[in-house]
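See below for the structure under consideration.
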């Protein structure tokens, strides 16, 4: 967990950037696992073929698993914030700071490059590309919708009116549709698509090849990495 981010290390003779700290990677892993459990157990309600998991003892167990995962899902960013405050707040600032370069990246065909691999003429990106920023914004907004509506549905059923409760259910479901949709796009881009999966596994080991970082995140590389000393890894 103590591995410093934004440093360059030499791994088997190859210079790599420590792009993500240990707490960033831990938080990302817990977020994904809890999110998938929530999506799966929530899906039981909408697929007739899985209806058996919504009734009887199976239903009780699936609801318990859903609620435990919900607690983990909500507590996870608090743990990340507590143990790695500067990285947490720094990432939020980067994600919600839309710059002129981001707009130019889109107008220059940034999203098209996800399919063609042609990056010539694209302005350099920060630590997060505009596409990554948009996905992160959607997931963060969905997180708050999940938390608020989920808590009302869990504890406030008797305290709020029927109309408000039904509104919470609809918002909860809509947030899940958006979140799952963008998660699938994010997964495809990061793990499957050969054009865009460059550096994707940096969220696993924290490392990204220097050349990939220079090409994909030129602004971040120049500002925070380029002038830092090389250290052995």
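Just so you know, all these numbers are worked out from the coordinates, no wet-lab data involved. Model, not experiment: these values are computed from the prediction. A quick note on method: Cβ atoms are made from the backbone with ideal geometry, for glycine too, and the neighbour counts reach across all protein chains shown.
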Spatial separation of Cα centroids for region 187-223 and region 32-77, in angstrom:
32 Å
Identify which of 159, 175, 39 has the largest mean-square fluctuation in a Gaussian network model of the chain, with springs joining Cα atoms closer than 10 Å.
159
Helix 22-43 against the longest principal axis of the chain: what's the angle in degrees, Cα atoms only, rounded to the nearest 10?
30 degrees
Three-way shape call for the chain based on the alpha-carbon gyration tensor, with the a/c threshold at 1.5
prolate
With label points set 7 Å from each Cα along the Cα-to-Cβ direction at residue 82 and residue 137, the distance between them in nm comes to 3.1 nm
Extension gain residue 211-residue 177, at 0.36 nm per residue separation less the Cα-Cα distance, in nm?
8.6 nm
Using only helices, what value at 222 nm comes out for the chain when you add -39,500 (n - 2.57) per DSSP H run of length 4 or more and divide by the total residues, to the nearest 500 deg cm²/dmol?
-19500 deg cm²/dmol
When the label point is put 7 Å from the Cα of residue 92 along its Cα-to-beta-carbon vector, which residues of region 19-47 have a backbone N closer than 15 Å?
none
For residue 106 and residue 184, compute 0.36 nm times the residue count separating them, minus their Cα-Cα distance, and round to one decimal in nm.
26.0 nm
Added length on full extension, which subtracts the Cα-Cα distance from 0.36 nm per residue, residue 29 to residue 99
22.4 nm
